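One structure is given here, and the rest of the page talks about it.
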Amino acid sequence: MTYSIFADAMNFIKQTFFALLFALGFQSGKAQNISVDEGYTPQDLVEDILINSTCANVFNVSVSGGNFGTGEKSFGYFDASGTTFPFQNGIILSTGKINNAPGPNSYLSDDGGGMGWNGDPDLNDALGLSNTFNATILEFDFIPLGNTISFDYIFSSEQYLSNPMSNQCNFTDGFAFLLKKSSDPNYENLALIPGTTTPVKVNTVRGSGTICPPANETYFDAFNGTVHPTNYNGQTKILTAQSTVIPGETYHIKLVIADEGNHRFDSAIFLGGGSFNFGIDLGDDRLIATGNPLCPGETLTVDATQVGATDYQWFQNGNQISGAINSTYTITSAGDYTIEIYFGTSPCSPPSQILKIEYAELLVINQDLFTECDADANQDGKTIFNLDDIKNLLFTNLPVGYVVSFFEIPTSTTALPTNYTNTIPNNQTIYARIMNVQGCYSDYPVNLRVNTFDEILVNETIGLCEDSILTLDAGSGFSTYEWNTIPPQFTQQITVNLGGIYEVTVTNTLNCPKTKTFTVTASGIATIENIIINDFQENNSAIIQVVASSLGDYEYSLDGVNYQDSNIFNNLNAGEYTIYIQDKKGCGIVFETFYILDYPKYFTPNNDGYNDTWYIKNLEKRNLENSVITVFDRYGKLLKQISGVSEGWNGTFNGNLLPASDYWFEIKLTNGKSIKGHFTLKR
């Protein structure tokens, strides 16, 4: 699709959409549109509309634009009263017919084709173009009374497409506000993005939301829908063109707008009525926010001398300053300053800018020594200082908005972090600097002191026996004591009768704190609940069980000397044992006797008085004396049946000695347990 075909399509879409809205009755009360008037002369447009001031000395006014066969013009007056358009009235310069400028935004305005309407070489030079068409030019000479000029404008264009194709992103109509002294050969373009040298165009001021990249969105107003006071697809916000000038010199200004590449997609410049001002520049404001206020006691002499001026009157905060009638005035106090300057008998007084003056405060030191205690364990005289807290305490009268930073040495340019750890142990001087007020303050020394707590406090773990009390002692020689009891106690010693965590915070003579912790564990003597015996095994064992409600931490022993943490004893031989249970916190010892049972693995019935019978020892100690023990030979023949308290088997059967061999047995214990095994008879 060519650029021209796309333009025709856009025109059709806009007209169709508008007709549909009208048919559906979507006419809003806010959709009032601007009106235009082509009847003003060029002199009237400049003197009565753009400037509208008796201070103006304007001459050689001329306007040129499209030579339409219908007699319509590309320049004239516009009235936006009662609409949402930002200007109430002013001058419009267009690359098409201004009769197409009033809203609604219902069709595409692209007049001026095929009529030999050329561009402008000065505009081409200013914007670096070579292909402008349809130029409308307003120019005039003037002699300024003040040393500044400024006027307000809005740039509107059909090229602000809400749904463009990618090849349209760089198309842009051009305009410039060209100023020069009449005697100078070259112009200066005033239609720039504020603070830059970039000309204002469609592709340098554009909003986001389309495939075209946004640019300087701060200065873009909106893409327009159908309901808008003008018939343009979008516009900038109100922008200001301004320049310094020399009072009394003759200047020439040329306001020009033109299409780029072809006549399609018209654009317009709206100049705010009465916005062309001749002003007096009194110099830069001296503000805290910009870092250049006057220093305490400083004065500032302002010179507003104007060629041809006959009278001067200075004002502070809108009030006339008595006796301040000279071209210069020396400021000694804060305020908003203006001046009225009169020329001859004319009542004209070009307005001056407001010169805003602020004074830096004479800062008063409130505190410059700041002490912290070393907060970590190594007590090396270094700790963290919160410099924000120090800043708030350093001065008694630090104004809101003053930025204070801290530096290790006066020549440093690297500010310290808010949480700063001193690098010199115990005592160090750093420097506070007012960052956003230049020239009024030197660096302020700030002394940092770190106190230490060198005494070592050792945490303790102590047992507390049942029905006892315990004295906790934090140690002597400290300035203050505070225990975490409820309520708090403030003595060196306290007594407790319950287990728990007891903390005491003590301070030394430097008022530095340290905390000691007493872990008090409730304890008590054990109560034996049960002894679980596993005997008649290869590995006989005993498990000692303590009543669950016992408070202590216990250790266990079978000899009362050697203790272990485990309550299990393994590899026990048959015999009598005493278990000792000791509370580790010293609350006492309990003991109890138990027996491990086992059968002899052999016996020697040779009548030597030693090991002559085979029997099970200590059954009666376990209340198993009524157990029945049966002895068999290897073929299962019953040889002997004895009780748990008998003298045992002597190795005979029916009075006859049995040979050396292995014999089998079964023990039926009275607790229901049955044990089987074999043993050896040795001769």
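The values are calculated or read from the model by the stated rules, or taken from the named source; none is laboratory data. Just so you know, these numbers come straight off a predicted model, no measurement behind them. Note that each Cβ is placed from the backbone with ideal geometry, even for glycine, and that neighbours are counted across all protein chains shown. SASA here: full protein model, heavy atoms, side chains in, ligands and nucleic acids out. Shrake-Rupley method; radii C 1.70, N 1.55, O 1.52, S 1.80 Å.
General observations
- From the list 226, 197, 236, 218, the lone residue that is open to solvent by less than 70 Å² (accessible area, probe 1.4 Å), closer than 30 Å to residue 282 by Cα and not aliphatic (A, V, I, L, M) is 236.
- Search result, residues across region 36-65 that are surrounded by fewer than 17 Cβ atoms within 10 Å (Cβ to Cβ), farther than 17 Å from residue 101 by Cα, free of Cβ contacts under 8 Å to residues at least 60 places away in the same chain and not hydroxyl-bearing (Ser, Thr, Tyr): 43, 44, 48
- Condition met for residue 629 (outside any loop (DSSP other than H, G, I, E, B), in contact with a strand residue (DSSP E or B) (Cβ under 8 Å, 6 or more places away or on another chain), within 16 Å of residue 663 (Cα to Cα) and modelled with pLDDT of 95 or more): yes
- The residue that is nearest to residue 330 (Cα to Cα), counting only those in region 376-391 that are touching a strand residue (DSSP E or B) at 6+ places or on another chain (Cβ under 7 Å) and not charged (D, E, K, R), is 390.
- Some residue of region 483-500 being part of a loop (DSSP other than H, G, I, E, B), in contact with a Gly (Cβ under 9 Å, 6 or more places away or on another chain) and at pLDDT below 95: yes
- Restricting attention to region 69-106, the residues being free of Cβ contacts under 8 Å to residues at least 60 places away in the same chain, assigned to a strand (DSSP E or B) and on the phi < 0 side of the Ramachandran plot number 2.
- Residue pairs whose Cβ atoms lie under 8 Å apart, sitting 6 or more positions apart in sequence or on different chains, and linking a residue in region 205-232 that is closer than 17 Å to residue 172 by Cα to a partner that is basic (Lys, Arg) and surrounded by 19 or more Cβ atoms within 10 Å (Cβ to Cβ), are 212/206; 213/206; 214/206; 215/206; 216/206; 217/206; 220/206.
- Where residue 439 falls short, out of the listed (1) open to solvent by 70 Å² or more (accessible area, probe 1.4 Å); (2) among the small types (Gly, Ala, Ser); (3) touching a Lys or Arg at 6+ places or on another chain (Cβ under 6 Å): (3)
- All positions within region 562-589 that are aliphatic (A, V, I, L, M), over 16 Å from residue 539 (Cα atoms) and open to solvent by less than 60 Å² (accessible area, probe 1.4 Å): 579, 581
- Residues that are under 19 Å from residue 597 (Cβ atoms), outside any loop (DSSP other than H, G, I, E, B) and open to solvent by 80 Å² or more (accessible area, probe 1.4 Å), drawn from region 642-683: 664, 668, 676, 678
- Checklist (1) buried (at least 20 other Cβ atoms within 10 Å of the Cβ); (2) in a loop (DSSP other than H, G, I, E, B) applied to residue 116, failing item: (1)
- Complete set of residues in region 200-211 that are open to solvent by less than 50 Å² (accessible area, probe 1.4 Å) and under 32 Å from the mean Cα position of the chain (by Cα): 205, 206, 207, 210
- Only residues that are over 19 Å from residue 402 (Cα atoms) and out of contact with any strand residue (DSSP E or B) (no Cβ under 7 Å at 6 or more places or on another chain) were counted in region 266-296, giving 2.
- For the criterion of being at pLDDT below 95 and surrounded by 13 or more Cβ atoms within 10 Å (Cβ to Cβ), residue 375 passes.
- Matching option when the condition is open to solvent by less than 60 Å² (accessible area, probe 1.4 Å) and modelled with pLDDT of 95 or more, among 6, 85, 68: 85
- Filter result for the condition that a residue is basic (Lys, Arg) and at pLDDT below 95, over 201, 180, 237, 254: 201
- Options 629, 596: the member that is buried (at least 19 other Cβ atoms within 10 Å of the Cβ) and touching a Leu at 6+ places or on another chain (Cβ under 6 Å): 596
- Restricting attention to region 294-323, the residues that are open to solvent by 60 Å² or more (accessible area, probe 1.4 Å), in a strand (DSSP E or B) and among the polar types (S, T, N, Q) total 3.
- Residues satisfying the stated conditions in region 501-515, i.e. in a strand (DSSP E or B), surrounded by 14 or more Cβ atoms within 10 Å (Cβ to Cβ) and hydrophobic (A, V, I, L, M, F, W, C): 504, 506
- Of residues in region 265-293 being assigned to a loop (DSSP other than H, G, I, E, B) and among the charged types (D, E, K, R), the one modelled with the highest pLDDT: 285
- Residue within region 611-624 that is among the basic types (Lys, Arg) and open to solvent by less than 80 Å² (accessible area, probe 1.4 Å) present: yes
- Pick from region 538-561, criterion open to solvent by 60 Å² or more (accessible area, probe 1.4 Å) and in contact (Cβ under 8 Å) with a residue 40 or more places away in the chain, ranking: nearest to residue 462 (Cα to Cα): 553
- Residues in region 543-572 that are farther than 28 Å from residue 522 by Cα and touching a strand residue (DSSP E or B) at 6+ places or on another chain (Cβ under 7 Å): 570, 572.
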